[in-house]
Number of protein chains: 2
Amino acid sequence: MGGSLKRSTRFRGHKLGDGLWVIMNDIYTASLSRLIEEFEKLPGIGPKTAERLAFHILKAEPREAMALADAIKDVKNKIKRCEICTGLSEQAVCQICSDPRRDKSLICVVEQPKDVISLEKTGACKWVYHVLGGHIAPLEGIEPGDLTIDKLVERVREGSVKEVIMATNPNMAGDGTALYISSLLRAMGVKITRLARGLPTGSTIEYASGKMLTDAIIGRQELE
Amino acid sequence: MGGSLKRSTRFRGHKLGDGLWVIMNDIYTASLSRLIEEFEKLPGIGPKTAERLAFHILKAEPREAMALADAIKDVKNKIKRCEICTGLSEQAVCQICSDPRRDKSLICVVEQPKDVISLEKTGACKWVYHVLGGHIAPLEGIEPGDLTIDKLVERVREGSVKEVIMATNPNMAGDGTALYISSLLRAMGVKITRLARGLPTGSTIEYASGKMLTDAIIGRQELE
């Protein structure tokens, strides 16, 4: 126990100063040190995991290591924003916006590209999306003009949209953003909905917060 | 809880078959899918972590992402084996073997390059190393000839080595390998030692195994 603690303290040594850096370099070789450092920059990857990953790369088939390196570069070089929904895309228009089976009269508004993926994983969505790029947060300096709200208003103004589903995060910032957008769209005669609030499936009432229970009571649904 | 379980089940869907793969591709864009897949191949990285890392790369500064990709390629292209100790090196002879401050008359024998790093982190070693490349394991088809034992015998035969310190793993395979090597070297008049066995510093006697306690009793040291 004591031994491993001591080792891990020493391990972080290579960040402390030039002198220690040289010592670590001695041990690892320069390129292995650099790879460990780069891995450590990733979220949730500590020094021990970074070292383990670097040694895996060292032992791995060259083909496998090169595939990872190329995949990283491709993500940076190939992915851009869809011209219509501003979601992730490798073409001018993303696969969802260009899919003829999607109902273009329903636009689901989300904050981040990642939210599109979470919703799509349910397999329950036949609509198209609009990615805002965040939420309104004046205290952090994020104004409505920093999001893609203008582009959404434009899409609705074209006239073929029947319903806009707000799927911003169920918290203060997300609700505020949804409210702001709905105030802009309401005058255009489009139906505006938001995702249901209530008890998370699989949870227990015992551990539900007061806010969750209140939402569940207000939005109670008839059993059929 | 149920929601997240369902999502993570679906998430792994892209490995199940071609049909599902297409669905996931739809969601992620091809290069993002590929990066997630490549991250998943790393040890200890599950689908959720792979997705998180891939999104981190997507959002990261291009410079940072390229640095990681290049570091991976460099490790594969630049690192080779030291001509003397067969440890990791970017030159023909590694930094430890070419360091004039090291005592070349002491050779510490380890199984893997990673063991050199663990020992070096203690800061207690002024010796040089010999990396065997594994341990003898006839059942797995690893014979003495598969390791770098010949090279070690040659180093000792040159005559300037006074002591060989066995630092193979303290288990059956490591002990067997150390025993085999010492039987070869003993005739050459070199002193052969192995790392001390005993209680791990920071542990408690309550939780020490019988084997650990036996080692500690046999190897008990005089208090000075």
Scan of the range B:146-165 for residues that are open to solvent by less than 70 Å² (accessible area, probe 1.4 Å) and without any contact (Cβ under 8 Å) to a residue 24 or more places away in the chain, ordered by number: B:GLY159
Being open to solvent by 50 Å² or more (accessible area, probe 1.4 Å), free of Cβ contacts under 8 Å to residues at least 24 places away in the same chain and assigned to a strand (DSSP E or B), is that true of even one residue in the range A:87-102? no
Across (1) outside the structural domain of A:THR201 (by TED's automatic domain parsing); (2) open to solvent by less than 30 Å² (accessible area, probe 1.4 Å), A:TYR129 clears everything bar (1)
Hits in the range A:105-118 - residues which are surrounded by fewer than 23 Cβ atoms within 10 Å (Cβ to Cβ) and either farther than 15 Å from A:ALA178 by Cβ or not assigned by TED's automatic domain parsing to the domain that holds A:SER160 (or both): A:SER105, A:LEU106, A:LYS114, A:ILE117, A:SER118
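Determine, yes or no, whether B:THR168 is under 27 Å from B:ARG102 (Cα atoms) and either touching a residue at least 60 places away in the same chain (Cβ under 8 Å) or acidic (Asp, Glu) (or both). Even if it seems obvious, please write down each step before you answer.
Values: under 27 Å from B:ARG102 (Cα atoms): yes; either touching a residue at least 60 places away in the same chain (Cβ under 8 Å) or acidic (Asp, Glu) (or both): no.
The answer is no for B:THR168.
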When you scan the range A:49-60, do you find a residue that is surrounded by fewer than 16 Cβ atoms within 10 Å (Cβ to Cβ), more than 16 Å from B:ALA65 (Cβ to Cβ) and under 24 Å from the mean Cα position of the chain (by Cα), even just one? no
Kindly state which strands (runs of 3 or more DSSP E) lie completely within the range A:113-224 and contain at least 3 residues that are closer than 16 Å to A:CYS85 by Cβ. A:127-131, A:163-166
Could you say whether any residue in the range B:53-71 is within 7 Å of chain A (Cβ to nearest Cβ) and farther than 30 Å from A:ILE79 by Cβ? no
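Among the candidates B:LEU152, B:LEU147, B:LEU179, which residue alone is in contact with a strand residue (DSSP E or B) (Cβ under 7 Å, 6 or more places away or on another chain) and of a type outside the set (Lys, Arg)?
Values: B:LEU147 fails: in contact with a strand residue (DSSP E or B) (Cβ under 7 Å, 6 or more places away or on another chain); B:LEU179 fails: in contact with a strand residue (DSSP E or B) (Cβ under 7 Å, 6 or more places away or on another chain).
Exactly one of B:LEU152, B:LEU147, B:LEU179 is in contact with a strand residue (DSSP E or B) (Cβ under 7 Å, 6 or more places away or on another chain) and of a type outside the set (Lys, Arg), namely B:LEU152.
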Hey, among the residues in the range A:168-201 that are of a type outside the set (Lys, Arg) and within 14 Å of another protein chain (Cβ to nearest Cβ), which one's surrounded by the most Cβ atoms within 10 Å (Cβ to Cβ)? A:GLY198
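The values are calculated or read from the model by the stated rules, or taken from the named source; none is laboratory data. Note that the coordinates shown come from a computational prediction; the quantities given were computed from them, not determined experimentally. Cβ atoms come from the backbone with ideal geometry, glycine included; neighbour counts cover every protein chain shown. In case anyone asks, the SASA skips ligands and DNA or RNA and just uses the protein heavy atoms, side chains included. Shrake-Rupley method; radii C 1.70, N 1.55, O 1.52, S 1.80 Å.
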